[in-house]
1. Scan 233, 264 and give me the residue that is in the same structural domain as residue 66 (by TED's automatic domain parsing), in contact with a strand residue (DSSP E or B) (Cβ under 6 Å, 6 or more places away or on another chain) and at pLDDT 95 or above.
2. Could you check residue 18 against (1) modelled with pLDDT of 50 or more; (2) in a loop (DSSP other than H, G, I, E, B) and say which number it fails?
3. Please determine whether any residue of the stretch 246-254 is farther than 22 Å from residue 77 by Cα, crowded, with 17+ Cβ neighbours inside 10 Å and free of Cβ contacts under 8 Å to residues at least 60 places away in the same chain.
4. In the set 108, 139, which member is assigned by TED's automatic domain parsing to the domain that holds residue 251, more than 29 Å from residue 266 (Cα to Cα) and outside any loop (DSSP other than H, G, I, E, B)?
5. Within the stretch 193-219, count every residue that is part of a helix (DSSP H, G or I) and surrounded by 18 or more Cβ atoms within 10 Å (Cβ to Cβ).
6. If you take the residues of the stretch 233-251 that are in contact with a helix residue (DSSP H, G or I) (Cβ under 7 Å, 6 or more places away or on another chain) and in a helix (DSSP H, G or I), which of them is nearest to residue 38 (Cα to Cα)?
7. Residue 177 - would you say it is free of Cβ contacts under 8 Å to residues at least 24 places away in the same chain, touching a helix residue (DSSP H, G or I) at 6+ places or on another chain (Cβ under 7 Å) and surrounded by fewer than 16 Cβ atoms within 10 Å (Cβ to Cβ)?
């Protein structure tokens with residue numbers, strides 16, 4: 001297997017014929033497959049001279065589960081922050097359903113169908129499970145500020161509708177009905193991760209970005225979350241982009257895998273193909289060259 005930009009580069013990327021065959025990014029305006037719901041081209045993100053993402057290009061097809069892996073510091077969370085709008089790239093293009101969302105603010109991106117969970121749980125610990133999940137629907141609420149303060153008429157009816165939908169569609173789906181009225185602070189770590197997933201699902205996502213959804217969980221909790229993720233993809237028809245370090249989970253449930261290292265894509269393709277890629281193995285395990293490792297450490301310190 002060759003290194004970066006190998007024959008894996010176009011595995012499942014949904015780019016039409018006529019694209020550059022050697023893996024180079026497409027030019028802005030080039031036609032892409034109708035299957036591509038999310039498309040990033042030549043994304044660059046720098047912090048005080050350190051380049052977190054380096055000319056990164058990525059395509060996610062509608063209905064697939066694509067996993068992004070890589071060593072710590074490879075740029076995975078920076079990628080998610082760019083897609084969700086928390087970071088604005090120094091250069092590059094982000095298309096969602098063919099629309100350039102580079103200048104769209106995070107709440108507006110949530111409204112059009114981009115939802116995410118976070119590596120570190122971001123819930124309101126003093127609020128109940130149900131109230132935390134309902135916050136995920138805020139971007140879609142039609143009620144104005146005055147109606148919400150008065151809580152009468154349309155505001156009350158919309159609240160009732162939202163609560164009923166969340167209870168029937170999200171809470172029952174994730175099997176957390178027994179804790180819906182408990183404060184988040186009283187829950188175990190695994191249940192809090194499930195509540196965060198529920199809040200993201202309440203946003204009615206078209207693309208669901210999961211940032212290390214099983215980190216810190218025991219085996220039973222990991223199996224439960226894996227089952228829910230597959231059901232979201234298959235039963236809800238939601239496209240999933242996932243960052244995860246649990247390689248057994250990645251290999252079991254992913255349709256395609258993208259590997260980052262130092263902000264660059266070094267391989268992409270089917271899980272088994274990526275696992276056998278020599279460049280990926282070196283990125284995770286090194287090549288045994290102590291001198292090269294010392295040089296990398298010194299370079300990182302200098303940066």
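The values are calculated or read from the model by the stated rules, or taken from the named source; none is laboratory data. Since we're looking at a predicted model, the values are computed, not measured. Heads up, the Cβs are rebuilt from the backbone with ideal geometry, glycines too, and the neighbour counts pull from every protein chain shown.
1. Selected residue: 233, the only one of 233, 264 that is in the same structural domain as residue 66 (by TED's automatic domain parsing), in contact with a strand residue (DSSP E or B) (Cβ under 6 Å, 6 or more places away or on another chain) and at pLDDT 95 or above.
2. So the condition that residue 18 fails would be (1).
3. no
4. Testing whether each residue is assigned by TED's automatic domain parsing to the domain that holds residue 251, more than 29 Å from residue 266 (Cα to Cα) and outside any loop (DSSP other than H, G, I, E, B) leaves just 108.
5. The total comes to 9.
6. 250
7. Answer is yes for this residue.
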